[in-house]
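The values are calculated or read from the model by the stated rules, or taken from the named source; none is laboratory data. From a predicted model like this one, the values you see are computed outputs, not experimental measurements. With ideal geometry, Cβ positions are generated from the backbone for all residues, glycine too; neighbour counts draw on all protein chains shown. Calculation scope for accessible area: heavy atoms of the full protein, side chains included, ligands and nucleic acids excluded. Shrake-Rupley method; radii C 1.70, N 1.55, O 1.52, S 1.80 Å.
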Amino acid sequence: MFLQQVVNGIVVGSVYALTALGATLVYGILRILDISNAAAYATGAYIAFFVYSATGNLLLSFAAGVVLTALLGLAVQRYLFAPLMEKPPLVSLIASIGLFICTQDLLRLVAGPQIQNFHAGGVLPNIYLERINLTVYGSWVIVLLVTAALLAFLYLLLNHSAIGLAWRATAQDLETTQAMGINTNRVIALNFLLGYGFAAAAGIMVGIMYKYVFPTMGDVPAYKMLAVIVLGGLGNPLGTVLAAMIIGLAETLIGGYIGFFLPRDALAFVILILILLWRPQGLLGRRQAN
């Protein structure tokens, strides 16, 4: 039972991590919270659903959902956030919330308000390990493999490439990095490209796991994403992954052994409050000097 709950928590945490990483990258450079990143979660899932309905090819559907949503992220950066760069961060936050709501309504108009069945499972068989009483679903394996591959790619990109060095420099001091001749616009655009693609991947995998999609499926990830980002230490990708895993494991273990005295989705904020009382800067954040 315990091992089963731990695996469940890791799978849930993996989805939370992918959903929040995009907004973490954006905050690391621009110091704004991009709520519209959660819209990519539902948009990617719907694109994959439409492509799968037309072709029956899950790999093509996944690639189409991620790539097209990532390109949408580029458009959002260029036409929404770039003109607001000189405005206070609150203006960009409000604009991102508006885009998030607009995207949900657009999905509702295009696909209808009802739940759409997304039966794309069966790619990998379910496995029951009788000796340790553990069931491993094929969809879980897909989630874990895709998450591991994307996180490894992000780690290598940020820590072992020129663009990663440019990202770290831009996150530390945007104006100085521009003065050194680095194209910060390209760095920022890449962040939106990766962030929206990661969120789309998370939405697609959730659609595959639960076998349905619906227009407001990004609601819960939108505010849970905030808890993960703050808990991990604002703008820290590694902290975001760690926070996502902690929340995922806490939700499954508490639900499995204690039960929910609060709505399940509220537990993320209970955990956030308790840890911030201990570390106000977040798990891997740096304490600001007075």
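Modelled with pLDDT of 90 or more and small (G, A, S): does that describe G28?
no
When I101, I32, I47 are checked against the criterion of being touching a residue at least 40 places away in the same chain (Cβ under 8 Å), aliphatic (A, V, I, L, M) and open to solvent by 20 Å² or more (accessible area, probe 1.4 Å), I47 stands alone in meeting it. Within the range 13-22, identify whether any single residue is closer than 16 Å to L194 by Cα, buried (at least 22 other Cβ atoms within 10 Å of the Cβ) and either at pLDDT below 85 or acidic (D, E) (or both), and answer yes or no. Within the range 13-22, one or more residues are closer than 16 Å to L194 by Cα, buried (at least 22 other Cβ atoms within 10 Å of the Cβ) and either at pLDDT below 85 or acidic (D, E) (or both). Only residues that are open to solvent by 50 Å² or more (accessible area, probe 1.4 Å) and in contact (Cβ under 8 Å) with a residue 60 or more places away in the chain were counted across the range 51-61, and they come to 1.
Scan L193, L156, L129 and give me the residue that is aliphatic (A, V, I, L, M) and either on the phi > 0 side of the Ramachandran plot or modelled with pLDDT under 90 (or both).
Details: L193 fails: either on the phi > 0 side of the Ramachandran plot or modelled with pLDDT under 90 (or both); L156 fails: either on the phi > 0 side of the Ramachandran plot or modelled with pLDDT under 90 (or both).
Checking each option against the conditions leaves just L129.
Within the range 151-162, residues that are without any contact (Cβ under 8 Å) to a residue 40 or more places away in the chain reach partners that are part of a helix (DSSP H, G or I) and open to solvent by less than 40 Å² (accessible area, probe 1.4 Å) with beta carbons closer than 6 Å, at six or more positions or on different chains, in the pairs L157/G164. Selection over the range 241-283 of residues that are in contact with a Leu (Cβ under 9 Å, 6 or more places away or on another chain), open to solvent by less than 30 Å² (accessible area, probe 1.4 Å) and not in a helix (DSSP H, G or I) gives a count of 2.
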